[in-house]
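Below you'll find the structure, written out as structure tokens, and then a few comments.
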Amino acid sequence: MLTGFTPWPEEWADKYRKDGCWKGETFGGMLKERAALYGNQTAVTCKDVHWTYKELDERADRLAAGLHKLGIQKEDRVVVQLPNIAEFFEVIFALFRLGALPVFALPSHRSSEITYFCEFAEAKAYIIPDMHSGFDYRALARQVKDKLPDLAHVIVAGEAEEFQELSSLHREPVQLEDISPAEVAFLQLSGGSTGLSKLIPRTHDDYIYSLRISAEICGLDQHSVYLAALPTAHNYPLSSPGVLGTLYAGGRVVLSPTPSPDDCFPLIEKERVTITALVPPLAMVWMDASGSRSDDLSSLQVLQVGGAKFSAEAARRVKSAFGCTLQQVFGMAEGLVNYTRLDDPEEIIVNTQGRPMSPFDEVRVLDDDGRDVAPGEAGHLFTRGPYTIRGYYKAPEHNERSFTADGFYQTGDIVKLTADGYIIVEGRAKDQINRGGEKIAAEEVENHLLAHPAVHDAAMVSMPDDFLGERSCVFVIPKGEAPKPGELKAFLRERGLAAYKIPDRIEFIASFPKTGVGKVSKKDLRETIAQKVKPAEIKQS
Ligand code: AMP
Ligand code: DBH
């Protein structure tokens, strides 16, 4: 078993098998079965490329053989940073078949994040596109290789330059070792709340269970067409039900290079897309665009919105804008995913973030002292279940804090439960900013800022924003004369931080407000900046 993985205790694993959750499927086997059932149907469409299930299956086998020859073995970690291109699928299924573990980096990550993933996961390979959205990933790979000369392979989908070209790896398929469904299939990323992103080990058994239930709840079948507008590597478009849930159901995945209406609306019309997933700010952009464009979006049956809180006012407009059902999705890469059901009454769809997908999900809402709150009151959300991890990868100290002794994950979210068991997200206790669905761990950015010679101390908090829900504001105590905000932002960019983590606003301050025990009071800082941005909002509107 993978070192650094916390499995479910044996009695729970037995229970989830007996209850019929874990059926012993693996990703490699799942694709083989789909290829047998739906061989000539299209699995993945990307621009003019259409791969049938049979083609995808064969490509995965041939690539697995090539990766095997390179020396990639069972349990080796491989950082995969691919945008929405067809190769994403051959790569991950090849790795699944080898039992090697994709580490799902996002296209927006830069050298700081990628170097950390490669180093922490002791990756044997790093897989990238040549260019995407005007960014050259080979230049990024060079920076990573400079820092980690031991990184064995850089593999490029496209023009490889000095690296290994993905398409050159295809070989005659070879016999591979059997993979156990109880083993870890990949490492997903958490948004992070203390310092850097944690890596999340997900097994074949647990993840495929979540795909099966998600596909069922979202009404997917072999006629469904899922548009991947968000980056496929993110847990939400990957699995809720996302691209993998669609393949599980025998449907078709259509890939969009960006989530903009300019790219997505024509694709919905052309490919007769039935379901797609957005974060709240994009849902607003799509609703605005739907009024002024003439694309035929009538095939769309379900529009999912999740990743951050969707306001009830905006939620109410979805149906008339697109003539389809809104589904709110509240999930986390650690496991638990909540959905409003397609046939739920409008008031539930608009006002709640859904209810757990599985009858075996356990949720508890606790007060600050760990006692169950009264029904309907807000508290800390804890959860345990057949697809919620029991620990992060190689993080024993963090696991002590994030999981209770009896295996509940502390989500860091503040929620209320309705009498029917629906969840309303009220806020967050974790030190994280949710910038329109993109999560930023305050501590990670603060640590980078502390490396600047003119920064004495830094504290990052969220500030309210009409469009993104939240933006980031960092309060800086300067060392001597305050540097220019632009200089600090450039400094962070040079350190290789993803663009979404660069603070939206920088405020200089002489000292931080403190809590009773002398900690930095982020609550006071949040209030300070919320007061400051409020008049500006009123002026604008
Ligand atoms: P991560 O742990 O990085 O996968 O991020 C999951 C977190 O995103 C959750 O714990 C919530 O804080 C947030 N989140 C996801 N979906 C929603 C939603 N529909 N409403 C509010 N917050 C959400
Ligand atoms: O935000 C998330 O991480 C998320 C949102 C919706 C998620 O992981 C998911 C559904 O599976």
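With open to solvent by 40 Å² or more (accessible area, probe 1.4 Å) and within 16 Å of ligand 1 (Cβ to nearest atom) as the only criterion, which of 394, 489, 484, 416 stands out? So that I can check it myself, show each step before the final result.
Numbers: 394 fails: within 16 Å of ligand 1 (Cβ to nearest atom); 489 fails: within 16 Å of ligand 1 (Cβ to nearest atom); 484 fails: within 16 Å of ligand 1 (Cβ to nearest atom).
On inspection, the qualifying residue turns out to be 416.
Table: residues versus (1) farther than 26 Å from residue 119 by Cβ; (2) free of Cβ contacts under 8 Å to residues at least 60 places away in the same chain.
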| residue | (1), (2) |
| --- | --- |
| 9 | yes, no |
| 15 | yes, yes |
| 41 | yes, no |
| 49 | yes, yes |
| 55 | yes, yes |
| 70 | no, no |
| 76 | no, yes |
| 89 | yes, no |
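Please go through region 453-485 and pick out each residue that is of a type in the set (Val, Ile, Thr) and modelled with pLDDT under 95.
Scanning region 453-485 gives no hits.
Please go through region 203-234 and pick out each residue that is hydrophobic (A, V, I, L, M, F, W, C) and more than 14 Å from ligand 1 (Cβ to nearest atom).
Scanning region 203-234 gives 208, 211, 213, 215, 217, 218, 220, 225, 227, 228, 229.
Identify all residues within region 168-214 that are in contact with a Phe, Trp or Tyr (Cβ under 9 Å, 6 or more places away or on another chain), small (Gly, Ala, Ser) and over 25 Å from residue 61 (Cβ atoms); write none if there are none.
The answer is 190, 197, 210, 214.
With the condition kept exactly as written, say whether any residue in region 315-324 is under 29 Å from residue 418 (Cβ atoms) and within 11 Å of ligand 1 (Cβ to nearest atom).
Within region 315-324 (the criterion being under 29 Å from residue 418 (Cβ atoms) and within 11 Å of ligand 1 (Cβ to nearest atom)), the answer is yes, since at least one residue qualifies.
Within the set of pairs 6+ apart or on separate chains, which have a first residue in region 288-314 that is more than 13 Å from residue 265 (Cβ to Cβ), a second that is away from ligand 2 (no atom under 16 Å from the Cβ) and assigned to a strand (DSSP E or B), and C-beta atoms under 7 Å apart?
301/325; 302/325
Where in region 117-202 are the strands (runs of 3 or more DSSP E), entirely inside, with at least 1 residues that are of a type in the set (S, T, N, Q) and within 16 Å of ligand 1 (Cβ to nearest atom)?
184-189
Open to solvent by 40 Å² or more (accessible area, probe 1.4 Å) and more than 14 Å from ligand 1 (Cβ to nearest atom): is that true of residue 375 in this structure?
Judged against the criteria, residue 375 is a match.
Residue-by-condition table, conditions (1) among the charged types (D, E, K, R); (2) assigned to a strand (DSSP E or B):
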residue	(1), (2)
210	no, no
216	yes, no
221	yes, no
227	no, yes
237	no, no
246	no, no
250	no, no
262	yes, no
267	no, no
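So that you can scan it fast, the table gives a plain yes or no per residue for (1) surrounded by 24 or more Cβ atoms within 10 Å (Cβ to Cβ); (2) basic (Lys, Arg); (3) within 24 Å of the chain's Cα centre (by Cα):
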residue: 39; (1), (2), (3): no, no, no
residue: 44; (1), (2), (3): yes, no, yes
residue: 56; (1), (2), (3): no, no, yes
residue: 70; (1), (2), (3): no, no, no
residue: 75; (1), (2), (3): no, no, yes
residue: 104; (1), (2), (3): yes, no, yes
residue: 115; (1), (2), (3): no, no, yes
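Is there a residue being at pLDDT 95 or above, of a type in the set (Ser, Thr, Tyr) and within 15 Å of ligand 1 (Cβ to nearest atom) anywhere in region 251-262?
Checking region 251-262: not a single residue is at pLDDT 95 or above, of a type in the set (Ser, Thr, Tyr) and within 15 Å of ligand 1 (Cβ to nearest atom).
For region 436-453, does any single residue satisfy the condition of being at positive phi and within 16 Å of ligand 1 (Cβ to nearest atom)?
yes
Identify all residues within region 244-271 that are more than 21 Å from residue 288 (Cβ to Cβ), within 16 Å of ligand 2 (Cβ to nearest atom) and open to solvent by 10 Å² or more (accessible area, probe 1.4 Å); write none if there are none.
Of everything in region 244-271, just one residue is more than 21 Å from residue 288 (Cβ to Cβ), within 16 Å of ligand 2 (Cβ to nearest atom) and open to solvent by 10 Å² or more (accessible area, probe 1.4 Å), namely 248.
Just checking, how many residues over region 397-411 are assigned to a strand (DSSP E or B) and surrounded by 20 or more Cβ atoms within 10 Å (Cβ to Cβ)?
Taking region 397-411 as the starting set, the residues that turn out to be assigned to a strand (DSSP E or B) are 403, 409-411.
Keeping just the survivors that are surrounded by 20 or more Cβ atoms within 10 Å (Cβ to Cβ) gives 403, 409, 411.
Counting residues in region 397-411 that are assigned to a strand (DSSP E or B) and surrounded by 20 or more Cβ atoms within 10 Å (Cβ to Cβ) gives 3.
Report, by residue number, each residue of region 326-369 that is touching a residue at least 60 places away in the same chain (Cβ under 8 Å), within 14 Å of residue 420 (Cβ to Cβ) and not aliphatic (A, V, I, L, M).
Kept after step one, since they are touching a residue at least 60 places away in the same chain (Cβ under 8 Å), are these residues of region 326-369: 327, 329-342, 348, 351-358, 360, 363.
Next cut, within 14 Å of residue 420 (Cβ to Cβ) only: 338-341, 348, 351-356, 363.
Those that are touching a residue at least 60 places away in the same chain (Cβ under 8 Å), within 14 Å of residue 420 (Cβ to Cβ) and not aliphatic (A, V, I, L, M): 338, 339, 340, 341, 351, 352, 353, 354, 355, 356.
Quick one: which strands (runs of 3 or more DSSP E) sit completely within region 305-370 and have at least 3 residues that are open to solvent by less than 30 Å² (accessible area, probe 1.4 Å) and within 16 Å of ligand 2 (Cβ to nearest atom)?
Once the strands (runs of 3 or more DSSP E) in region 305-370 are filtered for at least 3 residues that are open to solvent by less than 30 Å² (accessible area, probe 1.4 Å) and within 16 Å of ligand 2 (Cβ to nearest atom), what remains is 325-332, 335-339.
Could you check region 1-80 for helices (runs of 4 or more DSSP H) lying wholly inside it with 1 or more residues that are more than 23 Å from residue 106 (Cα to Cα) and at pLDDT below 95? Reasoning before the result, please.
Numbers: elements: 10-18, 27-38, 53-70.
By residue number, no helices (runs of 4 or more DSSP H) qualify.
Would you mention how many residues in region 210-243 are aromatic (Phe, Trp, Tyr), away from ligand 2 (no atom under 12 Å from the Cβ) and either open to solvent by 10 Å² or more (accessible area, probe 1.4 Å) or closer than 17 Å to residue 411 by Cα (or both)?
0
Please list, ordered by first then second residue, the pairs with beta carbon atoms under 9 Å, 6 or more apart or interchain, first in region 253-276 and in contact (Cβ under 8 Å) with a residue 40 or more places away in the chain, second among the aromatic types (Phe, Trp, Tyr) and in a strand (DSSP E or B).
Hits for this filter: 253/226; 254/226; 273/226; 274/226; 275/226; 276/226.
The values are calculated or read from the model by the stated rules, or taken from the named source; none is laboratory data. Note that this is a predicted model, so its numbers are computed, not measured. As a convention, Cβ positions derive from the backbone with ideal geometry for all residues, glycine included, and neighbour counts pool all protein chains shown. Heads up: the accessible areas ignore ligands, DNA and RNA and are worked out on the full protein's heavy atoms, side chains in. Shrake-Rupley method; radii C 1.70, N 1.55, O 1.52, S 1.80 Å.
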